[in-house]
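Values quoted throughout were computed directly from the atomic coordinates according to the rules given, and no laboratory measurement underlies them. Worth saying up front: this structure is predicted, and the values here are computed from it rather than measured. Reconstructed Cβ throughout: ideal geometry from the backbone, glycine too, with neighbour counts over all protein chains shown.
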Amino acid sequence: MSIFTQVLEFIESPRDERFEQLALEVFSYQYANVAVYRAYCQSMGATPATVRTLAEVPYASTVAFKYAKIVNSAHNATDGLTFMTSGTTKGFGARGRHHVPRPELYRAAAIAHLRRMMFPDGARMAMLAMHPTADLMPESSLARMLSWCIEEFGAGPIRRVATREGVDTAGAAQFLAAAAERGEPVCILGTTAAFAALFERLRGRGERPRLASGSRLMDTGGAKGQTTPLSAEAVIAGARDLLGVAPALAINEYGMTELCSQLYDATPFNYPGAEAAAESRIKIAPPWLKPVALDPLTMRPVAPGAVGMLAFFDLANAGSISALMTEDFGVTRDGVVAIVGRAAAGGARGCALAIDEFAGHEMRRATGGPR
């Protein structure tokens with residue numbers, strides 16, 4: 001049975017006791033087939049023969065996707081999908097690239113956790129997309145995820161109001177007003193910047209479409225274009241005051257191009273026992289995504305409940321690199337994550353070392369120097 005089939009079966013039927021062994025098998029597969037990751041692991045003294053537990057698997061920085069070509073030699077470059085980060089960077093490239101040779105893992109992971117966190121009531125409903133979908137932005141992993149969400153959970157009117165150039169807030173307001181008039185629940189999918197633009201329009205025109213009970217929104221983050229970024233709490237408050245969306249159904253998503261899995265706010269709607277207060281929200285990882293907080297100097301796990309650099313082992317990333325350290329600080333415990341903030345410019349020492357190792361290997365490969 002291929003490693004991809006094993007991961008897909010785990011996503012469809014998770015078993016906690018199986019996670020670590022499967023993660024080690026994924027690590028062995030990636031060590032064998034992703035040359036740049038293998039070189040990095042060797043520099044850390046880690047091989048499939050020496051790594052016996054998940055805690056010993058080396059975490060690479062997500063920034064490495066901007067500096068190195070992360071290629072799976074078991075697949076052709078034309079297999080699957082390639083996603084690009086939105087930002088620019090110096091060094092090798094303009095934008096980071098994440099090649100996903102088996103997109104069915106990404107889709108299965110996205111849909112399964114969406115069903116648990118955004119649609120636990122089994123609803124299918126009208127959809128408003130305030131971020132371009134995959135037909136307009138095929139290089140965006142978020143666009144692809146939103147398209148899958150619409151396909152799986154959309155029913156009735158579907159409206160897409162975003163292009164690469166911006167969001168048609170007038171069209172969004174019109175769609176929401178019509179849904180409110182019909183008494184039809186709506187799911188709104190958008191970035192923080194898109195919600196900021198929509199709320200500004202509604203306030204400026206004195207519009208308050210009161211959406212039907214069960215309406216919900218997914219705030220995917222992203223403050224690009226905002227002079228003063230809207231906080232997650234402000235999105236929740238705006239959804240309540242301007243649209244009549246219950247706070248428990250205004251849910252923030254945490255994801256990134258480099259990971260095929262996402263985390264979502266825990267609220268009383270999707271997580272029994274969760275607190276209703278917006279300011280105290282935690283995020284829930286799916287069973288195939290293992291979060292850990294690392295000491296940025298040693299890159300070892302911190303004590304439970306302590307703040308560290310957030311890292312994840314994502315089984316759905318089986319085709320590239322599963323063990324990834326982010327640029328975010330947070331606290332983790334039993335699959336629950338509390339995000340504290342972003343790393344300061346310049347990064348932490350451990351993160352910088354991970355980038356140097358990847359960039360150095362890629363430079364040697366490109367120039368034909370010793371490996």
**Relative frequency of Cα-Cα separations exceeding 12 Å in region 175-235, percent** = 69 percent
**Request:** Rounded to whole Å and sorted largest first, list the principal axis extents of the Cα atoms in region 10-93.
**Result:** 41, 33, 24
**Asked** Rounded to the nearest 500, what is the chain's calculated 222 nm mean residue ellipticity when only DSSP H runs of at least 4 contribute -39500 (n - 2.57) each, over all residues?
**Response** -10500 deg cm²/dmol
**Full-extension gain in nm, Arg203 to Arg300, via 0.36 nm per residue minus C-alpha separation** = 30.2 nm
**Prompt:** DSSP beta bridges in the chain, what fraction antiparallel, as a percent rounded to 5?
**Reply:** 60 percent
**Complete:** Residues of region 305-322 with backbone N under 20 Å of the label point set 7 Å from the Cα of Ser28 along Cα→Cβ are 313-322
**Request:** For region 33-183, count all C-alpha to C-alpha pairs, find those more than 18 Å apart, and express that count as a whole percent of the total.
**Result:** 70 percent
**Request:** Consider the candidate values [x] 18.6, 55; [y] 20.8, 68; [z] 19.2, 67; state which one is Rg and Dmax of the Cα atoms in Å computed from the structure displayed.
**Result:** [y]
**Prompt:** With labels modelled as points extended 7 Å from the Cα through the Cβ direction, what inter-label distance (nm, one decimal) is found for Ser13 paired with Glu275?
**Reply:** 3.8 nm
**Complete:** Shape call for region 95-194, from the Cα gyration tensor axes a ≥ b ≥ c (a/c under 1.5 means rounded, otherwise prolate when a/b beats b/c, else oblate), comes out oblate
**Prompt:** What is the spin-label model distance, in nm, from Thr78 to Gln21 if the labels are put 7 Å beyond Cα along the C-beta direction?
**Reply:** 3.9 nm
**Message:** Could you give the length gained by full extension between Glu151 and Glu56, i.e. 0.36 nm per residue of separation minus their alpha carbon distance, to one decimal place?
**Reply:** 30.3 nm
**Request:** Please figure out what share of the DSSP beta bridges in region 105-281 is antiparallel and state it in percent, rounded to the nearest 5.
**Result:** 15 percent
**Request:** Could you tell me whether region 105-281 comes out rounded, prolate or oblate from its Cα gyration tensor? Rule is a ≥ b ≥ c as square roots of the eigenvalues, rounded for a/c under 1.5, then prolate if a/b exceeds b/c, otherwise oblate.
**Result:** rounded
**Message:** I need the semi-axes of the equivalent ellipsoid of region 165-208: take the C-alpha gyration tensor, multiply each eigenvalue by 5, square-root it, list largest first in whole angstrom.
**Reply:** 18, 13, 9
**Prompt:** Exactly which trypsin sites (Lys or Arg not before Pro) in region 10-62 are in a DSSP loop and have at most 16 other Cβ atoms within 10 Å?
**Reply:** Arg15, Arg52
